[in-house]
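Asker: Here it is, the structure in full.
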């Protein structure tokens, strides 16, 4: 006699099961919508604006320390108002600076540590080289939004000026800013600007990036 096995089929899932599972999500979504309607669009914008200001203020405080250290290291005292102004501008310019590529030519990298940290905190990628030859080799391999350079290098008081002349002759050359021990006036030919002050350097960099990345 053949044995017959009877296997009961699984009971189909009720359509209400999925609906019940969604109820908590729907509830909290409705609560969120209710809160937004209650506080109003203008109030929401004001709150978001305050959050943004707090975020910028936090970054500003971090930048102030490095800016003061840079000024002290170069023997260029900067007033509190000037420090606050440039730190606030740099902190608020992250949309412009983030992802920017900067080539920095200086044979004494220890003298630009604080300034480098300032720009890196703002999202700028820095490539450091010590000579004009190294700089042009980097420029042949990649695109840069901006070049910073000293003028006197390896005993040559005009190395940076010759570098500027050659750079200007290259196609799609990025803006060049001179950052030196003692600023010369007027600004050398082919340069976007020149300064010996870290606060002025930040303003020049932001102005140049606004032009090159627009």
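What follows is calculated from the coordinates using simple rules that are stated; it is not laboratory data. Predicted model, so just to flag it, every value in this text is computed and none were measured. A quick note on method: Cβ atoms are made from the backbone with ideal geometry, for glycine too, and the neighbour counts reach across all protein chains shown.
Asker: Using per-residue counts of other Cβ atoms within 10 Å, averaged over each peptide, order 97-106, 70-79 from highest down. Don't skip to the answer; put the middle values down first.
Answerer: Working: 97-106: 20.0, 70-79: 15.5.
The packing order, highest mean first, is 97-106, 70-79.
Asker: Quick one: work out the % antiparallel among DSSP beta bridges in the range 50-212, nearest 5.
Answerer: Counting only bridges with both partners in the range 50-212, antiparallel ones make up about 5 percent.
Asker: Just report the Cα centroid separation between the range 62-121 and the range 145-190, whole Å.
Answerer: A separation of 19 Å, based on Cα centres.
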